[in-house]
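Peer 1: Take this structure, written in structure tokens, and hold onto it; I'll ask about it next.
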Amino acid sequence: MDEIAADPSHPRYASLLMRHRLEEAEKKGMLAASAMIAHGRGEAFDYLLGEVTTPSALKATRHALASMVQGKRTVLSVNGNVAALASDEMLTLASELGCPLEVNIFYRTPERMEAILGHISERKRILGLDVEVLGHAPNARIPGLKGPRAACHKEGILESDVILVPLEDGDRCRALMEMGKTVIVIDLNPRSRSAREGTITIVDELSRALKNMIAMLADKVAVVVDEQYDNHATLDMALEWMLNTLKHE
Ligand code: ATP
């Protein structure tokens, strides 16, 4: 799956690997036309972060994970870019948490849904994981959203209390917040609407953040809810980190 020409010692290896995954997903018909633009926006912010997980992102990650562990009906939402970049990590996390994945995309077409669900089911089989994957037969709608983007599963996103929405669009993030859910966003842009409106925002690259969560669960690191958690402070710290990284170069 991940055969790329670059050597792992190449300074941009991780970035090249992610681009390669998107190219492969594009060939399979998993991506929306704007997928590469969304990825490019993320890459630019990751450059400013120095392509590292910052201490404040790690703190947000731990708090988010604790919230997912405590959730009564936690659901992990997957769109085209997430499936392309981190299907294995999303499946592993869902398996560890014992919660479902739901494929929920902004530009919904039967062909894209089938391509994404097919890719996830192939990775699930290869990894040998027992995870419930939803999205194939939506039977409910997210209130406040119009058109096919509102479609979801009643037993998945609709009735969830805690939801992980990596790389989410601002409208859907707001609609989920208005339903009273704990909305966990992973987004490299601390100024995006989703980042600013979510309950907990992890300003980190998707696969890095997911790997950190999986490692925390494996290491049995104390994963406890941070009662003092302040999401605006987390976003400010991400911006400060970016400014300081630039200043020191
Ligand atoms: P919003 O509607 O929330 O303001 P947006 O319009 O900027 O967001 P979209 O284009 O819908 O965003 O989604 C892309 C978002 O995902 C961007 O904010 C981008 O920074 C972020 N992003 C892209 N790739 C990654 C990645 N690999 N890891 C984390 N974030 C990413």
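The values are calculated or read from the model by the stated rules, or taken from the named source; none is laboratory data. Predicted model only: the values in this text are computed from it and were never measured. All Cβ positions, glycine included, derive from the backbone under ideal geometry; neighbour counts span all protein chains shown. With ligands, DNA and RNA removed, areas are computed over all heavy atoms of the protein, side chains included. Shrake-Rupley method; radii C 1.70, N 1.55, O 1.52, S 1.80 Å.
Peer 1: Among the residues of region 131-164, write down those that are among the hydrophobic types (A, V, I, L, M, F, W, C) and in contact with a Cys (Cβ under 6 Å, 6 or more places away or on another chain).
Peer 2: Residues of region 131-164 that are among the hydrophobic types (A, V, I, L, M, F, W, C), as a first pass: 131, 133-134, 137, 140, 142, 145, 150-152, 157-158, 162-164.
Scanning region 131-164 gives ALA140, ILE142, LEU158.
Peer 1: Against the definition (at pLDDT 95 or above, of a type in the set (Val, Ile, Thr) and surrounded by fewer than 21 Cβ atoms within 10 Å (Cβ to Cβ)), how does THR234 come out, yes or no? Outline the logic, then answer.
Peer 2: On the way: at pLDDT 95 or above: yes; of a type in the set (Val, Ile, Thr): yes; surrounded by fewer than 21 Cβ atoms within 10 Å (Cβ to Cβ): no.
Judged against the criteria, THR234 is not a match.
Peer 1: Can I ask one more? Looking at region 96-110, is at least one residue more than 16 Å from the ligand (Cβ to nearest atom), among the polar types (S, T, N, Q) and over 24 Å from ILE202 (Cα atoms)?
Peer 2: Narrowing region 96-110 to residues more than 16 Å from the ligand (Cβ to nearest atom): 96-103, 109-110.
Now restrict to residues that are among the polar types (S, T, N, Q): 109.
Right, trim to over 24 Å from ILE202 (Cα atoms) and you get 109.
Yes, that holds for at least one residue.
Peer 1: Okay, moving on. Would you please name the residue that is farthest from the ligand (Cβ to nearest atom), looking only at residues in region 2-15 that are among the hydroxyl-bearing types (Ser, Thr, Tyr) and without any contact (Cβ under 8 Å) to a residue 24 or more places away in the chain?
Peer 2: Going through region 2-15, the residues among the hydroxyl-bearing types (Ser, Thr, Tyr) turn out to be 9, 13, 15.
If we keep only those that are without any contact (Cβ under 8 Å) to a residue 24 or more places away in the chain too, we end up with 9, 13.
Details: SER9: 22, TYR13: 15 Å.
Ranking the qualifying residues of region 2-15, first place goes to SER9.
Peer 1: Sticking with this structure for a sec: List pairs: first in region 31-43 and modelled with pLDDT under 95, second part of a helix (DSSP H, G or I) and open to solvent by less than 50 Å² (accessible area, probe 1.4 Å), Cβ under 6 Å, 6+ apart or cross-chain?
Peer 2: Close Cβ pairs satisfying both conditions: ALA32/GLY80.
Peer 1: Output the number of residues of region 237-249 satisfying the condition of being modelled with pLDDT under 90 and of a type in the set (Asp, Glu). Walk me through it before giving the result.
Peer 2: Step one: of region 237-249, the residues modelled with pLDDT under 90 are 244-249.
Subset that is of a type in the set (Asp, Glu): 249.
Residues that pass the stated criteria total 1.
Peer 1: Hey, another quick one. Is it fair to say MET18 is in a loop (DSSP other than H, G, I, E, B), in contact (Cβ under 8 Å) with a residue 60 or more places away in the chain, within 15 Å of the ligand (Cβ to nearest atom) and in contact with a helix residue (DSSP H, G or I) (Cβ under 6 Å, 6 or more places away or on another chain)?
Peer 2: Numbers: in a loop (DSSP other than H, G, I, E, B): no; in contact (Cβ under 8 Å) with a residue 60 or more places away in the chain: yes; within 15 Å of the ligand (Cβ to nearest atom): yes; in contact with a helix residue (DSSP H, G or I) (Cβ under 6 Å, 6 or more places away or on another chain): yes.
Judged against the criteria, MET18 is not a match.
Peer 1: Of all residues in region 21-31, how many are away from the ligand (no atom under 11 Å from the Cβ) and surrounded by 20 or more Cβ atoms within 10 Å (Cβ to Cβ)?
Peer 2: First, the residues of region 21-31 that are away from the ligand (no atom under 11 Å from the Cβ): 23-31.
Next, from what is left, pick out any that are surrounded by 20 or more Cβ atoms within 10 Å (Cβ to Cβ): 25, 30-31.
Qualifying residue count for the region: 3.
Peer 1: Could you check, for region 195-205, whether at least one of its residues is over 17 Å from TYR229 (Cβ atoms) and open to solvent by 10 Å² or more (accessible area, probe 1.4 Å)?
Peer 2: Let us first name the residues in region 195-205 that are over 17 Å from TYR229 (Cβ atoms), namely 205.
Applying the additional criterion that residues be open to solvent by 10 Å² or more (accessible area, probe 1.4 Å) yields 205.
Taking every residue of region 195-205 in turn, at least one turns out to be over 17 Å from TYR229 (Cβ atoms) and open to solvent by 10 Å² or more (accessible area, probe 1.4 Å).
Peer 1: If you don't mind, another one. Considering only region 32-150, give the helices (runs of 4 or more DSSP H) lying wholly within it that have at least 1 residues that are touching a strand residue (DSSP E or B) at 6+ places or on another chain (Cβ under 9 Å), within 25 Å of MET179 (Cα to Cα) and open to solvent by 10 Å² or more (accessible area, probe 1.4 Å). Spell out the reasoning first.
Peer 2: Working: elements: 35-49, 55-70, 80-97, 110-127.
Output list reads 55-70, 80-97, 110-127.
Peer 1: Quick check, is LYS154 surrounded by fewer than 18 Cβ atoms within 10 Å (Cβ to Cβ), more than 21 Å from LYS27 (Cβ to Cβ) and at pLDDT below 95? It would help to see each step written out before you state the result.
Peer 2: On the way: surrounded by fewer than 18 Cβ atoms within 10 Å (Cβ to Cβ): yes; more than 21 Å from LYS27 (Cβ to Cβ): yes; at pLDDT below 95: no.
Judged against the criteria, LYS154 is not a match.
Peer 1: With GLU122, GLU89, GLU111 as the choices, which residue is over 24 Å from SER15 (Cα atoms) and among the acidic types (Asp, Glu)?
Peer 2: On the way: GLU122 fails: over 24 Å from SER15 (Cα atoms); GLU89 fails: over 24 Å from SER15 (Cα atoms).
None of the others qualify; the one that does is GLU111.
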